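The values are calculated or read from the model by the stated rules, or taken from the named source; none is laboratory data. On a predicted model such as this, the values are computed, not experimentally measured, just so you know. As a convention, Cβ positions derive from the backbone with ideal geometry for all residues, glycine included, and neighbour counts pool all protein chains shown. What goes into the accessible areas is simple: the full protein's heavy atoms, side chains included, and nothing from ligands, DNA or RNA. Shrake-Rupley method; radii C 1.70, N 1.55, O 1.52, S 1.80 Å.
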Amino acid sequence: METKRLIIVAVGGQGNLLASKVLGEAALLSGVPVRMSEIHGMAQRGGVVESAIIFGDAESTIISDGEADLLVSFEPSETLRALKRCNSNTVVITNLSPLPPFTVAIGKGTYPDLSEAQKLIRKKTARLIAFDAVKLAAEAGNVMAVNMALVGALIQTGIIPLSAENVKTAIRTRTKKTFVDINLKAFDFGYKAAEKEN
Amino acid sequence: MHKLLTDQPGLEMLLLGNEAIARGALEAGVAFASTYPGTPSSEISLNFFQISKECNLYFEYSTNEKVALEVAAAAANSGVRSMCIMKHVGMNVAADTLMTLAYVGVKAGLVILTADDPFMFSSQNEQDNRYYGKLSGLPIIEPSSVSEAKEMTAAAFALSEKLKEPVILRTTTRINHSTAAVKLSDIGQRKPAGDFQKDPFNLVTVPAVSRKLHVKLLENISKAEELSNTSEYNFIEGSGEWGIICNGVSRNYVLDAISDLAIKDKIKVLRIGFSHPMPGKIIKSFLEGCSKVLIAEEGEPFMEEAVKAFAQEAGLTLPIAGKGKSLFSRLYEFDPAMVRKTIADFFGISYTQKKSVETADIPEIPQRPPNLCAGCSHRAAFYAIKQATKGMETIYPTDIGCYTLGFLPPLSMGDFLICMGSSVGTSCGFSQVTDKKVIALIGDSTFFHSGVSGLINAVFNNHDFTLVILDNRTTAMTGHQPNPGVDMKELSYDGYNQISIETLVKALGVQHVSVIRPYNIKKSITAIREAIEFKGVSVIIAQEKCSLYAKSLKQLRGKAFFVSDKCKNHKDCINELACPAFFIEEEKVGINPSLCVGCAVCAQICPEHAILPLKNKD
């Protein structure tokens, strides 16, 4: 099976580990070989959390710079920071709602201009899908569902061999019961947002 | 029921490496486990802790790795299958026990897990613990994948019982923290009750006994070498005249590279999973069929040294390389592209590497350094210490925990750090040879782990420094594990005792001991000043529950604060505390109410008293 490499970056607490878990479970359901790894040592302390997920035939659980087929980013400045993981064929999906690092919040750094950033990413990669996932999550019923909105957009690209149905089954079985409906809604909103970006 | 107790053999489950290891141990019938928590091994223990509350598995968080290994060694010498879990540097603490336990051996299986951390994602060094196998004479096995981690853990118990020696199971972060599908097998029968048979002439390591035991250990190493030579974990894949010898996660990168470079018909791979003793016979016969051999291993040239020695014994002169310039590095962790490039260069294969996008024109991205949490009591304590020592020349030896982050500006608390407990020991030396005021910083769990022995030394030798024990009532850094100072009743666990740090410190003979509540800044500063003025060893216990821990216990009672219009923009709050709840909007300081835990430290230091409880806002 063709190998597809996905990197997910987020700030601690944004729920990217749950997104990885849902994708992993969906792969297991679909009979797609999957391997993942994560670095989350400082997650609780405002650091960056990165997951690598490799679908298809490969043994490695990590992804080298320039070798991601997909980058999903929960935070726009982190999208820029992770850009070295991409090549000219990479599809990038990013949330546009910023979570400025503390350094910026206290005036000790400048947050990059977002429209400029999007132009740069579009120029350098195959495709950019950019939308306000926090807004979609809020519309779905809870801002914490940002992760599911981004997963929805990811599945819409069709690049990883997982059907929307299997991912939704994973959402039903692997996310908290009280959030399942909101999560499914957020997934659909993200899916539609990616269609519009086409 | 805990998911790792799922009794459905054949079921495929997505497991974290650390979960797979815990499951493997359960399938082998592990009945006893001990640990001191440390990343990247922590989740193994966390799972055992949870499981031990549901069945007859005994599990304990021990005070340090040496104690943990002794606890497990006794269980294993009483016929109970045991496991002891630690991060790589924990093995240094346990080494005294390990070295002579190898002489004594075990009656039931004992597996010692060491989780190495190449690249130091969360460690102070990246030592390669395979050398502990060589140093102690104990067998080492190393998995390459998550599913193999489960298989090998189970097999390690059988190996340990066959050799009557502990077995070292060595992982790296990318095994512990990777996730993959794992097929479950049956859960083994647990026998938690043991019996100890007296046998002092084999179990009491006085010189006359140890001279005999060392002979036995050497015999066991020979037996282990035979097993290594027939082990299913040392296997050859593919064929061709080029050879690669690899271990652990390197194997995955090697296999992916071979497929990417399309050299499957030219190359064979020897994966070493039983890496101490090295399988000499397998290696010699592998080398004989090769024109050129590359050794792919993260860390030190452990296999490379052995392979070169075997080649010499066999009279083989083929090129064998591993570490070196334009080859593999001894630094950090490997990645697939780097391994592919090294293989291509070494065997002279041309290929085109995927190119990263150009990043030179990307605007500078602000750093996102880890920070002490909003309302962290360590921040309050650091601020109070800074105020109390204003104008003084100071040295702050620090230690391992969340508070290590205090070394970053603006708190800048932390001048010297080596390992767990080193703040106290090094303070003895600094205070002896310098004129500066020495103030040591250590957390509660680290104090119990190895700080207390330094304090005993300080009292006995009459050193002159102040020890601040940052007692946040839990082991926060690794995920809120219990330590001897934790109130286990609060966590609804019976059957534990709680040790008072204050009583302990006083009992050691420390003449000046004070307990402060760091959120009370004024009183804290006064108490710290008094402690610093005291000639001799003084101890400050800064006691306040970790705010994340308090939140998880639903004990967080503070209410959020806001910056009122009395603010004259001194920005002392931001510049001196750097609490992540602050932000600046239109040149004015604000407080994010969803982050603020209401510690009120900023409210106490604001020169205009402009920071007020949110409930007072109109």
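Tabulated results
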{"read-out": "Evaluation of A:Thr110 against (1) in contact (Cβ under 8 Å) with a residue 24 or more places away in the chain; (2) in contact with an Asp or Glu (Cβ under 9 Å, 6 or more places away or on another chain); (3) polar (S, T, N, Q); (4) open to solvent by 30 Å² or more (accessible area, probe 1.4 Å) (one fails), failing number", "value": "(1)"}
{"read-out": "Every residue from the range B:326-346 that is away from chain A (no Cβ under 14 Å), open to solvent by 50 Å² or more (accessible area, probe 1.4 Å) and not aliphatic (A, V, I, L, M)", "value": "B:Ser326, B:Arg330, B:Asp345"}
{"read-out": "Count of the range B:347-378 residues which are away from chain A (no Cβ under 12 Å), modelled with pLDDT of 95 or more and surrounded by 24 or more Cβ atoms within 10 Å (Cβ to Cβ)", "value": "1"}
{"read-out": "Residue match in the range B:416-425 (condition: in contact (Cβ under 8 Å) with a residue 40 or more places away in the chain, open to solvent by less than 10 Å² (accessible area, probe 1.4 Å), assigned to a strand (DSSP E or B) and assigned by TED's automatic domain parsing to the domain that holds B:Ile525)", "value": "no"}
{"read-out": "Filter result (outside any loop (DSSP other than H, G, I, E, B), surrounded by fewer than 21 Cβ atoms within 10 Å (Cβ to Cβ) and either among the basic types (Lys, Arg) or more than 8 Å from chain B (Cβ to nearest Cβ) (or both)) within the range A:22-43", "value": "A:Leu29, A:Ser30, A:Ala43"}
{"read-out": "Residue match in the range B:301-313 (condition: polar (S, T, N, Q) and in contact (Cβ under 8 Å) with a residue 24 or more places away in the chain)", "value": "no"}
{"read-out": "Selected residue (criterion: least open to solvent (accessible area, probe 1.4 Å)) from residues of the range B:223-253 that are more than 14 Å from every other protein chain (Cβ to nearest Cβ) and more than 15 Å from B:Pro279 (Cβ to Cβ)", "value": "B:Gly240"}
{"read-out": "Residue within the range B:162-174 that is in a strand (DSSP E or B) and surrounded by fewer than 23 Cβ atoms within 10 Å (Cβ to Cβ) present", "value": "no"}
{"read-out": "Residue list for the range B:493-530, filter: under 23 Å from B:Cys546 (Cα atoms) and of a type in the set (A, V, I, L, M, F, W, C)", "value": "B:Ile499, B:Ile501, B:Leu504, B:Val505, B:Val513, B:Val515, B:Ile516, B:Ile521, B:Ile525, B:Ala527, B:Ile528"}
{"read-out": "Options B:Gly315, B:Gly375: the member that is under 30 Å from B:Tyr403 (Cα atoms), out of contact with any Pro (no Cβ under 8 Å at 6 or more places or on another chain) and not in a helix (DSSP H, G or I)", "value": "B:Gly375"}
{"read-out": "Residue within the range B:296-319 that is within 14 Å of chain A (Cβ to nearest Cβ) and open to solvent by less than 10 Å² (accessible area, probe 1.4 Å) present", "value": "yes"}
{"read-out": "Verdict on B:Val106 being away from chain A (no Cβ under 14 Å) and open to solvent by less than 50 Å² (accessible area, probe 1.4 Å)", "value": "yes"}
{"read-out": "Pick from the range A:138-148, criterion touching a Lys or Arg at 6+ places or on another chain (Cβ under 9 Å) and among the small types (Gly, Ala, Ser), ranking: nearest to A:Gly31 (Cα to Cα)", "value": "A:Ala145"}
{"read-out": "Condition met for B:Leu408 (touching a residue at least 24 places away in the same chain (Cβ under 8 Å), crowded, with 23+ Cβ neighbours inside 10 Å and within 14 Å of chain A (Cβ to nearest Cβ))", "value": "no"}
{"read-out": "Some residue of the range B:252-267 being in contact with a Pro (Cβ under 9 Å, 6 or more places away or on another chain), under 30 Å from B:Leu218 (Cα atoms) and not hydroxyl-bearing (Ser, Thr, Tyr)", "value": "no"}
{"read-out": "Sole residue being of a type outside the set (Lys, Arg), out of contact with any Cys (no Cβ under 7 Å at 6 or more places or on another chain) and over 26 Å from B:Glu586 (Cα atoms), chosen from A:Ala105, A:Ala130, A:Ala68", "value": "A:Ala130"}
{"read-out": "Scan of the range A:89-99 for residues that are surrounded by fewer than 17 Cβ atoms within 10 Å (Cβ to Cβ) and in a loop (DSSP other than H, G, I, E, B), ordered by number", "value": "A:Pro98"}
{"read-out": "Where B:Ser564 falls short, out of the listed (1) modelled with pLDDT of 95 or more; (2) open to solvent by 30 Å² or more (accessible area, probe 1.4 Å); (3) not hydrophobic (A, V, I, L, M, F, W, C)", "value": "(2)"}
{"read-out": "Residues that are out of contact with any helix residue (DSSP H, G or I) (no Cβ under 8 Å at 6 or more places or on another chain) and farther than 23 Å from B:Asp117 by Cα, drawn from the range B:161-188", "value": "B:Glu161"}
{"read-out": "Restricting the range B:584-608 to residues that are assigned to a loop (DSSP other than H, G, I, E, B) and closer than 12 Å to B:Lys571 by Cα, the residue that is nearest to the other protein chains (Cβ to nearest Cβ)", "value": "B:Glu587"}
{"read-out": "Hits in the range B:2-30 - residues which are at positive phi and open to solvent by 30 Å² or more (accessible area, probe 1.4 Å)", "value": "B:Gly10"}
{"read-out": "Criterion: more than 9 Å from chain B (Cβ to nearest Cβ) and of a type in the set (A, V, I, L, M) - qualifying residue of A:Ile159, A:Ile121", "value": "A:Ile159"}
{"read-out": "Matching option when the condition is closer than 30 Å to B:Pro40 by Cα, assigned by TED's automatic domain parsing to the domain that holds B:Gly280 and part of a strand (DSSP E or B), among B:Ile244, B:Ile258", "value": "B:Ile244"}
